[in-house]
1. Can you give the direction-averaged projected area of the convex hull of the alpha-carbon atoms in region 108-201, in nm²?
2. Scan region 97-196 for trypsin sites (Lys or Arg not before Pro) in coil per DSSP, keeping those whose Cβ has at most 10 other Cβ atoms within 10 Å, and list them by number.
3. With label points built 7 Å along Cα→Cβ from the Cα atoms of H90 and K116, find their separation and express it in nm.
4. Calculate the FRET efficiency for K99 and L188 from the Cβ-Cβ distance with a Förster distance of 22 Å, rounded to the nearest 0.05.
5. In debye, nearest 20: dipole of region 54-195 around its Cα centre with unit charges on the Cβ of K, R (+) and D, E (-)?
6. In percent, what relative contact order does region 53-201 have, based on Cα pairs under 8 Å that are 6 or more apart in sequence?
7. In whole Å and largest first, what semi-axes does the C-alpha gyration tensor of region 148-201 yield when each eigenvalue is scaled by 5 and square-rooted?
8. Provide the three semi-axes, in whole Å and in decreasing order, of the ellipsoid equivalent to region 55-146 as defined by the square roots of 5 times the Cα gyration tensor eigenvalues.
Amino acid sequence: MQVFRKGVRGRGVPVFCVSILFFLLILMADAPSIAAAVRTKPAAVSSAALEKRIHELVNSEREENGLAPLHWDERLSATARSHGRDMAVHGYFSHANRKGEDPTARGLRDGYRCAKRKGAYRLEGLAENLYQRTLYTSILYRNDVPSYTWSSLEEIAHSAVQGWMRSPGHRRNILNPDHDREGIGVALGVENLVYIVEMFC
């Protein structure tokens with residue numbers, strides 16, 4: 001028998017092969033923690049609850065930086081969900097959809113126009129952050145049967161927001177003082193992928 005462990009961090013996937021003897025030593029040394037970590041079914045993750053939690057974490061980041069919170073915009077969330085579902089169903093990851101529409105064009109197609117005045121200037125258009133990851137952090141194979149270490153809703157929400165905050169462009173969107181509302185959409189795809197779309201106006 002061979003045991004294979006696949007670890008997942010962000011979008012990179014390191015793979016490790018372990019002999020049965022080494023695996024048995026690990027089991028003997030750390031059996032309780034392995035048994036607790038590996039589950040056969042994912043924890044129930046509500047898309048609506050994940051959207052709201054991400055929204056709360058984003059507003060926490062804004063508050064820490066002295067900015068007003070973003071208001072939840074359900075119409076903008078509907079546009080975000082639509083793009084997330086399209087990426088999940090058709091297996092791509094991009095700000096432009098299969099028709100070449102960017103966030104602003106997708107919003108306009110849905111009847112959503114973002115336009116604001118800032119002094120003598122007019123601001124128009126939607127900004128967007130995307131995030132993709134698996135619902136699990138590792139896979140353990142025993143005789144070709146996989147067992148997953150599933151992530152909780154809280155872990156997924158934190159990984160998305162912290163990932164954005166570590167990226168200069170995504171961070172600018174979250175901390176942009178001209179943004180006053182956001183919509184978030186979550187969609188589940190094949191191979192236990194989760195797609196998260198955050199749109200700003």
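1. Its average projected convex-hull area is 7.9 nm².
2. Sites meeting the loop and neighbour criteria: R98, K99, R166.
3. Here the answer is 3.0 nm between the modelled labels.
4. 0.45
5. 540 debye
6. The value is 39 percent.
7. 24, 13, 9
8. Semi-axis lengths for region 55-146 are 33, 21, 10 Å.
A short reminder: the numbers here are calculations on the coordinates, not readings from a lab. Note that the structure is a prediction, hence the values are computed from the model and not measured. We place every Cβ from the backbone using ideal geometry, glycine too, and count neighbours over all the protein chains shown.
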